[in-house]
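Written below as structure tokens is the structure these notes are about.
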Amino acid sequence: MPDIRPTTRLLECAAIDAPVRAWLDVMPDAVAHYLDEWALEAGPAYEPGGNTAWVAPVRTRDGDELVLKVGMRHPEAEHEAAALRLWDGSGAVRLHRAAYDDRSLALLLERCDPGTPLAALPEPDQDVAMAAVLHRIWATPIGALPGDDDPFEPLGVLCGTWADETEERLGGGGYPGDPGLVREAIAVLRARPSTGRRRGDVLLGTDVHAENVLAARREPWLLVDPKPFVGDPAYDVVQHLLNCRHRLVSDPHGLTARLADLTSTDADAVRAWTFARCACELAWWPELVPVVRALAP
């Protein structure tokens, strides 16, 4: 029997998040079930691991070396398998198999070798590689899936969640920065994304950052752990920018312009999305206050 203990980040997340804590009660049985069901031999889970999933290298009965991901079901990850199926290896890991139950999802995935996170590179080099990955995933037409099998929600759904949560925190008081700018950011999140499909919309990864992009042999870099929604490609640039906080604080206009140029997206749109998301993150990252001020419309 393999070691199916929670990994470091799962334990850290469970300490502050009740749903994750509850899911850990069923996680070992779920992992054991899919290892048995799919006849997989597992190695030790990757450390520090993910916030809501147990992920480990596995070997199939035929000797194929893959990765098993067993995660907690939550709205942002609900359509991860469908996105990977649509991209079919273009800029992202290939999906070999997927299953869902009431509380967990299981994905059997291509293994990235050597699997080094893009975060190991200097940030300017990350920018270039990140842009290449984004171009790859955006190039796949959303209509490649049959109409009845298209499960993807519009970006407006995700932005509405960000807006609601930020509004609630702002109402509680003690929010850093200018409350007026935070309210303006909430308005951007409610007004900017479409609630339907628009020309130019693409299937977004939304959580595309340098820890979720791994070195591989089939392609130089592959995205793992997408949280797919359909919308403006400029939105997909923002998570990488948030993870480059020192550069973002030092030169918000210069960095947003650089990423817009590398990704061939609209610079004004990148600035607007970055402004809105930075305002949402102020409760955790008050150092972003000058970025919000600088990028305010």
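Counting only residues that are assigned to a strand (DSSP E or B) and either closer than 14 Å to Pro220 by Cβ or not hydroxyl-bearing (Ser, Thr, Tyr) (or both), region 101-138 holds 7 of them. Do we have any residue at all in region 13-26 that's within 18 Å of Ala77 (Cα to Cα), in contact (Cβ under 8 Å) with a residue 40 or more places away in the chain and of a type in the set (Gly, Ala, Ser)? No, the conditions are met nowhere in region 13-26. Beta carbons closer than 6 Å, at least 6 apart along the sequence or on distinct chains, pair a first residue in region 229-242 that is closer than 14 Å to Ala210 by Cβ with a second that is among the β-branched types (Val, Ile, Thr) and in a loop (DSSP other than H, G, I, E, B) for Asp236/Val208; Gln239/Val208. In region 229-247, the qualifying residues are those that are in a loop (DSSP other than H, G, I, E, B) and touching a helix residue (DSSP H, G or I) at 6+ places or on another chain (Cβ under 7 Å), and the one that is surrounded by the most Cβ atoms within 10 Å (Cβ to Cβ) is Asp232. The condition (being out of contact with any strand residue (DSSP E or B) (no Cβ under 8 Å at 6 or more places or on another chain), farther than 19 Å from Ala30 by Cβ and at pLDDT 95 or above) is satisfied by just one residue among Leu84, Leu121: Leu121. Confirm whether Thr274 is closer than 21 Å to Ala187 by Cβ and not in a helix (DSSP H, G or I). Spelling it out, it is not the case that Thr274 is closer than 21 Å to Ala187 by Cβ and not in a helix (DSSP H, G or I).
The single residue among Ser264, Ser250 that is of a type outside the set (Phe, Trp, Tyr), surrounded by fewer than 17 Cβ atoms within 10 Å (Cβ to Cβ), closer than 30 Å to Asp88 by Cα and assigned by TED's automatic domain parsing to the domain that holds Val188 turns out to be Ser264.
Looking across Val202, Val208, one residue alone is touching a His at 6+ places or on another chain (Cβ under 7 Å) and either in the same structural domain as Gly160 (by TED's automatic domain parsing) or surrounded by 23 or more Cβ atoms within 10 Å (Cβ to Cβ) (or both). It is Val208. Only one entry in Arg183, Arg169 is free of Cβ contacts under 8 Å to residues at least 24 places away in the same chain and out of contact with any strand residue (DSSP E or B) (no Cβ under 8 Å at 6 or more places or on another chain), namely Arg183. Among the residues of region 124-148, those that are at pLDDT below 95 and either over 14 Å from Gly205 (Cβ atoms) or of a type in the set (Asp, Glu) (or both) comprise Pro141, Gly143, Ala144, Leu145, Pro146, Gly147, Asp148.
Conditions (1) assigned to a loop (DSSP other than H, G, I, E, B); (2) surrounded by 15 or more Cβ atoms within 10 Å (Cβ to Cβ), marked per residue:
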residue: Ala45; (1), (2): yes, yes
residue: Pro48; (1), (2): yes, no
residue: Ala56; (1), (2): no, yes
residue: Val70; (1), (2): no, yes
residue: Arg85; (1), (2): no, yes
residue: Ala99; (1), (2): no, yes
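Screening Ile137 on (1) in the same structural domain as Ala45 (by TED's automatic domain parsing); (2) closer than 20 Å to Phe229 by Cβ shows it passes everything except condition (1). As a summary of the residue check, Pro226 satisfies the conditions (1) assigned to a loop (DSSP other than H, G, I, E, B); (2) free of Cβ contacts under 8 Å to residues at least 40 places away in the same chain except for the one numbered (2).
Does region 93-102 contain at least one residue that is touching a residue at least 40 places away in the same chain (Cβ under 8 Å), within 19 Å of Asn51 (Cβ to Cβ) and either of a type in the set (Asp, Glu) or assigned by TED's automatic domain parsing to the domain that holds Ala132 (or both)? No, there is no match, as no residue in region 93-102 is touching a residue at least 40 places away in the same chain (Cβ under 8 Å), within 19 Å of Asn51 (Cβ to Cβ) and either of a type in the set (Asp, Glu) or assigned by TED's automatic domain parsing to the domain that holds Ala132 (or both). The condition of being under 20 Å from Ala269 (Cβ atoms), in contact (Cβ under 8 Å) with a residue 60 or more places away in the chain and among the aliphatic types (A, V, I, L, M) holds for Leu155. Here Glu76 fulfils each of the conditions (1) at pLDDT below 95; (2) under 19 Å from Glu37 (Cβ atoms); (3) not aliphatic (A, V, I, L, M) apart from (2).
The values are calculated or read from the model by the stated rules, or taken from the named source; none is laboratory data. Worth saying up front: this structure is predicted, and the values here are computed from it rather than measured. No Cβ is skipped: glycine too gets one built from the backbone with ideal geometry, and neighbour counts run over all protein chains shown.
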